[in-house]
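The values are calculated or read from the model by the stated rules, or taken from the named source; none is laboratory data. Nothing here was measured: the structure is a model prediction, and the numbers come from that model. As a convention, Cβ positions derive from the backbone with ideal geometry for all residues, glycine included, and neighbour counts pool all protein chains shown. Accessible surface is based on the protein model in full, side chains and every heavy atom, while ligands, DNA and RNA are left aside. Shrake-Rupley method; radii C 1.70, N 1.55, O 1.52, S 1.80 Å.
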Amino acid sequence: MKLQFAMDTLTTEAALELAAAAAPHVDILELGTPLIKSAGLSAVTAIKDAHPDKIVFADLKTMDAGELEADIAFSAGADLVTVLGVAGDSTIVGAVKAAKKHGKGVVADLIGVADKVARAKEVTALGVQFVEMHAGLDEQAEDGFTFDTLLDDGKASGVAFSVAGGISVSTIEAVQASGAEVAVAGGAIYGAPDVGAAAAALRAAIV
């Protein structure tokens, strides 16, 4: 299972600092949506230039203009981009078309999707590389949220999936046991006093 570091910071400088500390222990460097909105796609280029050996993930959360948005992100150095699972099929197909042109990949982020299992199967048939079983920060704060729901949906989908939303050293073993291809950690790494040590601890918990 790969380890993905979601950097939800607001400046390229901060992202470069976080990436430098965590890179030895992670496989995928994700530029969070707030970072891309704040710093632009130049941040993607900066991270890829600094870490050419890492998979660079641009969390665009595209909802429309799938081919255009994916194309400009791939041109900036992204290896993977996200399209929202709630987007129309044509938007997802457009992003996949751009990915094929660049030899890159599209991830369908299922945040906000009511029936994640059904939509995961649909978007995989449209050509996405994998789906992200994702509970956002707001959803995690809601009464009744349970992390296990994401894992159960991933297992039931029968397709390639990642898990994002509250992953820590105490939950990552369950993520791997669920069959996830990627575990996405954000605050557990960037919120730690020692970013490198936190990333190393998560890596060590993957068997």
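Of the peptides 86-97, 136-147, 154-165, the order by per-residue mean of other Cβ atoms within 10 Å, starting with the highest, comes out as 154-165, 86-97, 136-147.
Within the shell of other residues whose beta carbon sits under 13 angstrom from the beta carbon of I206, the net charge comes to -1, with Lys and Arg scored +1 and Asp and Glu -1.
Calculate for the chain the 222 nm mean residue ellipticity that helices alone would give, adding -39,500 (n - 2.57) per DSSP H run of length 4 or more and normalising by residue count, nearest 500 deg cm²/dmol. Dividing the helical sum by the residues of the chain leaves -13000 deg cm²/dmol.
Protein heavy-atom accessible surface, 1.4 Å probe, per residue over the chain: 42 Å². FRET efficiency for the pair S75 and S38, taken as 1/(1 + (r/R0)^6) with r the Cβ-Cβ distance and R0 = 30 Å, rounds to 0.90. The slack in the chain from E17 to A65, taken as 0.36 nm per residue of separation less the alpha-carbon distance, amounts to 14.1 nm. Extension gain for K2-S90 works out to 28.8 nm (0.36 nm per residue, less the C-alpha to C-alpha distance). Packing around the peptides 3-9, 195-201, taken as the average count of other Cβ atoms within 10 Å per residue, puts them in this order, highest first: 3-9, 195-201.
Spin-label pair V169-K121: with each label point 7 Å from Cα along the Cα-Cβ axis, the two points sit 4.0 nm from one another.
Round to the nearest 0.05 the FRET efficiency obtained for D143 and L10 when R0 = 25 Å and r is the Cβ-Cβ distance. That gives a FRET efficiency of 0.30. Based on alpha-carbon atoms, the Kirkwood radius and the radius of gyration of the chain give Rg/Rh equal to 0.94.
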